[in-house]
Amino acid sequence: MARDNEWERSTRRVHLVCGVVVGSLIGLRFGWAWLFGERWWAGILAIVLSAAFFGWLAYSYLDDFWHRLLNWLR
């Protein structure tokens, strides 16, 4: 049987990956116009920075949010 620590690490990894995917989609939305113009590097930078930011946010805070919500609902 898996220990709690292993389960928490695996859910944090899932949150990180989901945050990176969502962040890259948000960055793509904001950087779309720049990708095909003269400032293509700004579009790529928007995607990378957004993916890193939302990935970090999900990794750091999403587990705590769900734990507190579930405790509140009990």
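Read-outs throughout are calculated quantities, based only on the coordinates presented, and are distinct from any laboratory measurement. On a predicted model such as this, the values are computed, not experimentally measured, just so you know. All Cβ positions, even for glycine, are placed from backbone atoms using ideal geometry, and neighbour counts span all protein chains on display.
Report, to two decimal places, the Cα Rg of the range 26-74 normalised by 2.2 N^0.38 Å (N = number of residues).
1.69
Given the Cα-Cα distance of residue 67 and residue 53 and 0.36 nm per residue of separation, how much length would full extension add, in nm?
2.9 nm
Once both axes come from the Cα atoms, what is the angle between helix 40-73 and the longest principal axis of the chain, in degrees from 0 to 90, rounded to 10?
Helix 40-73 sits at roughly 20 degrees to that axis.
Could you tell me the calculated FRET efficiency between residue 36 and residue 13, based on Cβ-Cβ distance and R0 = 30 angstrom, to the nearest 0.05?
0.35
Helix 4-35 against the longest principal axis of the chain: what's the angle in degrees, Cα atoms only, rounded to the nearest 10?
Tilt of helix 4-35: around 20 degrees.
Using DSSP to define loop residues, name the GluC sites (Glu not before Pro) in the chain whose beta-carbon has at most 10 other beta-carbon atoms within 10 Å.
Answer in residue order: 38.
How much mean residue ellipticity at 222 nm does the chain get from its helices, if each DSSP H run of length 4 or more adds -39500 (n - 2.57) and you divide by all residues, to the nearest 500 deg cm²/dmol?
So the helix-based figure for the chain works out to -32500 deg cm²/dmol.
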